[in-house]
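The structure appears right after this line, and notes come after that.
Every read-out reported here was derived from the displayed coordinates using simple, explicitly stated rules and does not represent laboratory data. Here the structure is a predicted model, which means the values were calculated and not measured. FYI the Cβ positions are ideal-geometry reconstructions off the backbone, even for glycines, and counts take in every protein chain you see.
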Amino acid sequence: MISIAKRSRLEQETIINFNEEEKVASVYTFNGPLQRRLAKLAEEHPNECKRELDTWQPAGSVDYTIPKKWIRINPSPKREMTEEQKQAARERMNALHEAKKAQN
């Protein structure tokens, strides 16, 4: 078995596979944040999201079965901010950082 350390980032892929007949999709991934999200979904929805435990999987990868209806392609609209909005956002972030420093 190949360890994740020996796999290039190019080889650490995510594959989402489904067909038109079945209501489920397979999600195979090396992506850490996606793995954590799938694990949480499996915990919260054990009847819908299931981790597949196959011996062929390379170290560092996981394979889940999820409902096909959960798959979305949702491009984020580019948010245009005025200079005033940018300045207000900076001030809010600075206030949050200062409050956090004061707590420590």
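Can you give the charge dipole size of the range 4-70 about its Cα centre, rounded to the nearest 20 debye, using +1 on the beta carbon of Lys and Arg and -1 on the beta carbon of Asp and Glu? Numbers along the way, then the final one.
Values: 11 positive and 11 negative charges, 71 e Å.
Around 340 debye, computed over the range 4-70.
With everything on Cα atoms, drop me the angle between helix 83-103 and the longest principal axis of the chain, reported from 0 to 90° to the nearest 10.
So the inclination is approximately 80 degrees.
If I histogram all Cα-Cα distances within the range 4-70 using bins 5 Å wide from 0, what percent of pairs lands in each bin?
All Cα pairs, binned at 5 Å, distribute as 4, 17, 27, 25, 16, 8, 3, 0 percent.
To make sure I understand, if each residue's beta carbon is the centre and we count other beta carbons within 10 Å, what order do W56, W70 fall in, fewest to most?
The order, fewest Cβ neighbours first, is W56, W70.
Between the range 7-31 and the range 76-97, how many Å separate their Cα centres?
The distance from the Cα centre of the range 7-31 to that of the range 76-97 comes to 36 Å.
Between A59, A89, A25, which gets the highest mean-square fluctuation from a Gaussian network model of the chain, Cα cutoff 10 Å?
A89
So between N74 and Q12, what do we pick up on full extension, going 0.36 nm a residue minus the alpha carbon distance?
Roughly 20.0 nm would be gained on extension.
At a Cα cut-off below 29 Å, give the lysines reachable from K69, other chains included and same-chain residues fewer than 8 away excluded.
K23, K40, K50, K78
Roughly what angle does helix 32-44 make with the longest principal axis of the chain, taking Cα atoms, 0 to 90 degrees, to the nearest 10?
80 degrees
Label A99 and N47 with points 7 Å out from Cα along Cα→Cβ: what is the distance between them in nm?
Rounded to a tenth, the inter-label distance reads 4.0 nm.
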